[in-house]
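One structure is given below, encoded as structure tokens.
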Amino acid sequence: MPDLSYLTRLYPDRFEPGRGQKTMKAVVTTGNGDYDRLEYRDVPIPLAGPGELLLKVLAAGVNNTEINTRLGWYSSSVTGGTEQFASSDDDKGQLADGGWNAGTPFPFIQGTDCCGEVVDQADDVDSSWSGQRVLVRACMRLNGFDSLENIWMASDFDGAFAQYVRVPASEVFRVDCNWSDVELATIPCAYGTAENMVHRAGVGASDRVLVTGASGGVGSAVVQLAKRRGARVTAVVGKSKMDAVAQLDIDRIVERDADLIAELGESSVDVVIDNVAGGGFTPLLKLLSRGGRYASSGAIAGPMVSMDMRDFYLKDLRLIGCTSWDEPVFPNLVGYIERDEIIPLVAKTFALEDIAIAQREFLKKQHFGNFVLIPPQ
């Protein structure tokens, strides 16, 4: 056993006499595979290292990224959508390139979306953080914003599916609002991803914007964020969710299975924000006007698409890939929340230990809004 006596002196409230480091409940993902890879168990409470804060997790959102990482969907060997791959009988053994940044550090704790309370900090961190309710910027550009290199909480290191999580103090943001912990936990990944795409595509008040998958966590966030910039928004959504999505004050709603070109006409939109891809990708470039922009940060219906290069170059289109969040993205979101310019969309909450139930229901895609897990308090 390692000698923990020095840690006991530094953090006396985090250790039990004669027993060593205190423990917390967490969901540990042990490798690529099915739900049996999610183990709810006791693990040591982490210690805040240099430049870090320790947060008590108040609520943690559920999103597609955790499921894709557990499955190994990011591997180049996977050609189908998330739901298809999750329900297949394919061998989901360890995939060397199956994680967000290639390999995944199994076993580890997932959980990209975190609303937490600061309960401890390293000696080199300002003590004024203590007791603050905060959000964590999950996409971290630790080499500075001039570099696109990035790491993600819950994909590259332990995340928020636990009672406590440690994070760099530089990636934590206070939020002054009357939203609940659960409502705040819907923001980081979905809205951060959405704002990054809207920002990179330069969406403005004169733009006609088409949003696919508009009932999902990212899609519904894109709708709100494009509308707050004054854009005219057309949402593509499944028939069963059209009424729910209509509450977002969308200019036009089109059923997902409709012929988009017949419905909207070629060159009828200036920006496409698409996290669906798959078989529905092909007509999207035809819908774009000359000089139009297509932005994507996902491919829930499948990563393999068919594309007519003539649509791309003859119309001077821009195809914009979005993973690394740009510097204004998260501060923008905090400002929108504090000024009541966006609303949270909570579909359902689950106890942390019921994560498998939550992910199964998530993959059915029958909900509108976000799922949130609540750790034991």
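The values are calculated or read from the model by the stated rules, or taken from the named source; none is laboratory data. Nothing here was measured: the structure is a model prediction, and the numbers come from that model. Virtual Cβ from ideal backbone geometry, glycine too; neighbours counted across all protein chains shown.
In this entry, residue 337 passes the filter for residues that are at pLDDT 95 or above, among the hydrophobic types (A, V, I, L, M, F, W, C) and surrounded by 18 or more Cβ atoms within 10 Å (Cβ to Cβ). Set side by side, the residues 354, 308 differ, and just one is surrounded by fewer than 22 Cβ atoms within 10 Å (Cβ to Cβ), over 18 Å from the mean Cα position of the chain (by Cα) and outside the structural domain of residue 235 (by TED's automatic domain parsing), which is 354. Apart from one condition, residue 262 fits all of (1) modelled with pLDDT of 95 or more; (2) under 20 Å from residue 207 (Cα atoms); the exception is (2).
The requirement of being surrounded by fewer than 19 Cβ atoms within 10 Å (Cβ to Cβ), among the aromatic types (Phe, Trp, Tyr), under 30 Å from residue 106 (Cα atoms) and in contact (Cβ under 8 Å) with a residue 24 or more places away in the chain is not satisfied by residue 161. On inspection, residue 203 qualifies as buried (at least 24 other Cβ atoms within 10 Å of the Cβ), at negative phi and not in a helix (DSSP H, G or I). Total residues in segment 37-71 satisfying the condition of being part of a loop (DSSP other than H, G, I, E, B), over 18 Å from residue 347 (Cβ atoms) and polar (S, T, N, Q): the figure is 0.
Of the candidates 318, 293, 360, the single residue that is of a type outside the set (A, V, I, L, M, F, W, C), in contact (Cβ under 8 Å) with a residue 24 or more places away in the chain and either in contact with a Pro (Cβ under 6 Å, 6 or more places away or on another chain) or crowded, with 20+ Cβ neighbours inside 10 Å (or both) is 293.
If you check 124, 113, 90, 97 for being at pLDDT below 95 and either more than 20 Å from the chain's Cα centre (by Cα) or closer than 22 Å to residue 61 by Cα (or both), only one passes: 90. Could you tell me which residue of segment 137-160 is farthest from residue 69 (Cα to Cα), considering only residues that are in contact with a strand residue (DSSP E or B) (Cβ under 9 Å, 6 or more places away or on another chain) and among the acidic types (Asp, Glu)? Only one residue fits best here, namely 158.
Taken together, the residues in segment 123-156 that are touching a Lys or Arg at 6+ places or on another chain (Cβ under 9 Å) and farther than 12 Å from residue 324 by Cα amount to 6.
Within segment 57-75, residues that are on the phi > 0 side of the Ramachandran plot have Cβ atoms under 9 Å from residues that are among the hydrophobic types (A, V, I, L, M, F, W, C) in these pairs: 72/78; 72/85; 72/95, counting only partners at least 6 apart in sequence or on another chain.
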